[in-house]
Amino acid sequence: MNGVVWGARHATAVGCEGERIAVVGSDDDVRDAKRVIDAHGGTIIPAFNDAHVHFLMGSRSLGELDLFGVAAQDEIEGRITAYARERDSSWIVGRGWFYSAFPGGMPSVELLDRLIPDRPAYLESFDAHTGWANSKALTIAGVAEREVLKEAAMYVVTKHIPKRTTEEDLDALRAGMRMAASRGIASVQEAGDGWDQLRLWDALRADGELTLRVRLAFDMTPNLDEAQWRQRLDAYEEVARARARDEWITTGIVKAFADGVVESMTASLLDPYAGESENRGAPLWPGDQLLRHAHIASERGWQVQVHAIGDAAIRQALDAFEGCDRTRRHRVEHIENPAPEDVPRFATLGVIASMQPQHSAPELIDVWRRNLGMERAARGWPWAKILAAGGRLAFGTDWPVVPEDPFASLTEAEKTLSRDDAIAAWTSGAAYAEHAESFKGTLREGMLADIAVLDRDMKKVEATAAGGRLVYEA
């Protein structure tokens, strides 16, 4: 009560019964409720829904070395040394380093050997597409070359890192859920590896610990032929049928990677990288294989989301959705640098533009801009143009690539969008992107009572409710 209800003119309060919203109206309508949260003139909005996140990975990273935001190499060296000195673990693991912190845009194995000489170490870049391992880790993995690892080569090392126990992963998810609640987030859409996470989320629900709704994407990979892909979908569909009416742990979507990232020159481009004569990156799906796999999934009722960052990969993803059923609401993720002629195709094809505005923050794009060249870089992250052309937006963070912070996302998005449009992409747009707009993403009677109360400046979360239950209060 005593607030401004976003999207409901003149309403000042939202009342709940059980897990649903019972009333959107005046303070008098909720004054007799068993518990009343005073918004103190702040804004009441649907809880944020992170449309693209790696929630388990991010939750695990909360207990690891964090290098995100460190701009200078000497400070990175200091953090690594201090962290390793304080821990007696068999491996040193962390993430978050910026390419721009190192001369030439990449660290060296020799540097990490000097900082951590006594045990294996593996530190992932902020975008999770480059792995910095020391010689001890590379030797354990049987890698002869002493260089940083890109894309699939990373897994050669990561599979040797000691596995977390189930209880350690559950503890990590508990910490992640607490943080998400403090940021006003009540739903997340896990962008891959969902098959392996089901048991963890089910365990949290069985113990009554869920404070967050999660949608799990299952993997679609190019190493399967069409017959194998159909068999994989058979297994996926057994799980999906069992969760058709579930409002806490859902699926129905498969995730593919079409390319890598601009910073390591693994994003797939139509023209060579700046300063390169031939290097355009490389598509991860040969020929029309992505199209065929996407059509098979779509025909069987699955939504498909495709990671595509470079203009060639974005075009490949959009081409893959040509002729697919528009009602599936297929998605392209990231969309950092599309060709101008592909921008209106999102509306034409009914494809969701799932984007992460924090990726465009000035402190993150120095190497990105340099690798593309200024002319190409100037057309980056066109969420406003996609929306103006009639496309649908869904916003998220891609945490742990960037912090799980909707407000930082809104700050970047509002450079070209109105605040209302940016919030809509984080709430109703994200719900639409997961086929959930009929029961969440807006504040009206009968919808799930997933609610965030923001302060007067809309810069801080005062309270978060998930299913009518208060899960955070400042």
(request) Consider only pairs whose beta carbons are under 6 Å apart and that are at least six residues apart or on different chains; among these, list those whose first residue lies in region 176-188 and is part of a strand (DSSP E or B) and whose second residue is buried (at least 24 other Cβ atoms within 10 Å of the Cβ) and polar (S, T, N, Q). (result) Ser187/Asn49
(message) Looking at region 111-145 only, could you name the residues that are charged (D, E, K, R) and surrounded by 20 or more Cβ atoms within 10 Å (Cβ to Cβ)?
(response) Glu124, Asp127
(request) Can you work out which of the residues in region 385-410 that are part of a helix (DSSP H, G or I) and in contact with a helix residue (DSSP H, G or I) (Cβ under 8 Å, 6 or more places away or on another chain) is nearest to Leu269 (Cα to Cα)? (result) Ile386
(request) Those residues that are closer than 12 Å to Val261 by Cα and assigned to a loop (DSSP other than H, G, I, E, B), I need them from region 307-345; list them, please. (result) Ile309, Gly310, Ile335, Glu336, Asn337
(request) Looking only at region 285-297, decide whether some residue is in a helix (DSSP H, G or I), in contact (Cβ under 8 Å) with a residue 12 or more places away in the chain and in contact with a Lys or Arg (Cβ under 6 Å, 6 or more places away or on another chain). (result) no
(message) Going residue by residue through region 59-75, is there one that turns out to be more than 25 Å from Trp368 (Cα to Cα) and assigned to a helix (DSSP H, G or I)?
(response) yes
(request) Please state which one of Gly96, Gly78 is outside the structural domain of Leu170 (by TED's automatic domain parsing), closer than 30 Å to Gln305 by Cβ and either modelled with pLDDT of 95 or more or under 26 Å from the mean Cα position of the chain (by Cα) (or both). (result) Gly96
(message) If I filter region 1-41 down to residues being of a type in the set (Asp, Glu) and touching a residue at least 60 places away in the same chain (Cβ under 8 Å), which single residue comes out as surrounded by the fewest Cβ atoms within 10 Å (Cβ to Cβ)?
(response) Glu17
(message) I need a count of the residues in region 373-384 that are without any contact (Cβ under 8 Å) to a residue 12 or more places away in the chain, part of a loop (DSSP other than H, G, I, E, B) and farther than 19 Å from Pro344 by Cβ.
(response) 0
(request) Within region 229-243, identify whether any single residue is assigned to a loop (DSSP other than H, G, I, E, B) and of a type in the set (A, V, I, L, M, F, W, C), and answer yes or no. (result) no
(message) Condition first: over 22 Å from the mean Cα position of the chain (by Cα), of a type in the set (D, E, K, R) and surrounded by 11 or more Cβ atoms within 10 Å (Cβ to Cβ). Now tell me which residues in region 206-225 satisfy that.
(response) Glu209, Asp225
(request) Please name all residue pairs, on different chains or six or more residues apart, with Cβ atoms under 6 Å, provided the first residue is in region 428-446 and is touching a residue at least 12 places away in the same chain (Cβ under 8 Å) and surrounded by 24 or more Cβ atoms within 10 Å (Cβ to Cβ) and the second residue is assigned to a loop (DSSP other than H, G, I, E, B) and among the hydroxyl-bearing types (Ser, Thr, Tyr). (result) Gly441/Thr427
(request) Using the structure shown, decide if Phe407 is surrounded by fewer than 24 Cβ atoms within 10 Å (Cβ to Cβ) and more than 29 Å from Arg326 (Cβ to Cβ). (result) yes
(message) I'd like to check something: does region 354-363 contain any residue that is farther than 26 Å from Pro272 by Cβ, of a type in the set (Ser, Thr, Tyr) and part of a loop (DSSP other than H, G, I, E, B)?
(response) no
(request) Consider Asp50 carefully, then state whether it is of a type in the set (D, E, K, R), modelled with pLDDT of 95 or more, under 30 Å from the mean Cα position of the chain (by Cα) and within 21 Å of Ser438 (Cβ to Cβ). (result) yes
(message) Give me the helices (runs of 4 or more DSSP H) completely within region 101-167, filtered to those with at least 2 residues that are under 18 Å from Gly58 (Cα atoms), hydrophobic (A, V, I, L, M, F, W, C) and not assigned by TED's automatic domain parsing to the domain that holds Ala71, ordered by residue number.
(response) none
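The values are calculated or read from the model by the stated rules, or taken from the named source; none is laboratory data. Small disclaimer: the values here were computed from a predicted structure and weren't measured. Note: ideal-geometry Cβ built from the backbone for every residue, glycine included; neighbour counts use all protein chains shown.
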